[in-house]
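A short reminder: the numbers here are calculations on the coordinates, not readings from a lab. Computed from a predicted model, the values in this text were never measured in an experiment. Glycine gets a Cβ as well: all are built from the backbone with ideal geometry, and neighbour counts include every protein chain shown.
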Amino acid sequence: MSTISCFVDRSGLRVHISDHVDHTGCREYRFDLELRSMSAVEASSSPVHDRVAAGFFSVLVGTPDSLMRHVVTNGLPKSELAGLLAPEKRGTFHDFCLAVENALTAACRAKGDPCLASGCSFADETMPCLNACLEAGNAYNQACANVWAMLFKNPDNRIDVWKR
């Protein structure tokens, strides 16, 4: 399930999305990207808090364009991104990300400085190395997010709920 959470403070004036903020007294809301709908985590929500959260999500991910901006800027896990694409386009997305993973693995292997004392554990050239992708940092995630956005831009490549 692909969700984004936000926390609306007691006053209904501030919205937090960070996990590094004290959420005591805040109401939590979740936006399910696959259903394109918002829900309050607690059964007892208030109309003011509901409107604030709905407005926040509307700006952040309310349209395909705003969702693409959010993904390119902030990222989402690859599996969640794939779930927003039409089933016939998921393979294209995964193939692209795999090609990036393989290129990063080959570049890491070519440095001749394996992360294990016994040598590279990915001598098999058909398997990508997680460590090589992690060392690439944001570049790997950004490459996958960019190709996802390129695919998602075409409404025919989206799951039905995002076609409108």
Quiz prompt | Column: log10 I(q)/I(0), Debye, Cα scatterers of the chain, q = 0.18, 0.20 Å⁻¹ | solution = -1.04, -1.16
Quiz item: How much mean residue ellipticity at 222 nm does the chain get from its helices, if each DSSP H run of length 4 or more adds -39500 (n - 2.57) and you divide by all residues, to the nearest 500 deg cm²/dmol?
Solution: -15500 deg cm²/dmol
Practice problem: Largest first and to the nearest Å, give the Cα extent of the range 89-164 along each principal axis. | Solution: 53, 22, 16
Quiz item: How far is it, in nm, from the label point at THR63 to the one at LEU130 when both lie 7 Å from their Cα along the line to the Cβ?
Solution: 3.9 nm
Quiz item: What is the chain's relative contact order, in percent, from Cα pairs under 8 angstrom and six or more apart in sequence?
Solution: 22 percent
Exercise. Distance from a point 7 Å along Cα→Cβ of LYS163 to each backbone N in the range 67-109: keep the residues under 17 Å and list them by number.
Key: 83-90
Quiz item: Hey, which lysines would be in cross-link range of LYS163, C-alpha to C-alpha under 25 Å, not counting anything within fewer than 8 residues on its own chain?
Solution: LYS78, LYS89, LYS153
Quiz item: Once you mark the GluC sites (Glu not before Pro) that are in a DSSP loop and have at most 16 other Cβ atoms within 10 Å, what is the longest gap between them in the chain?
Solution: 43-124
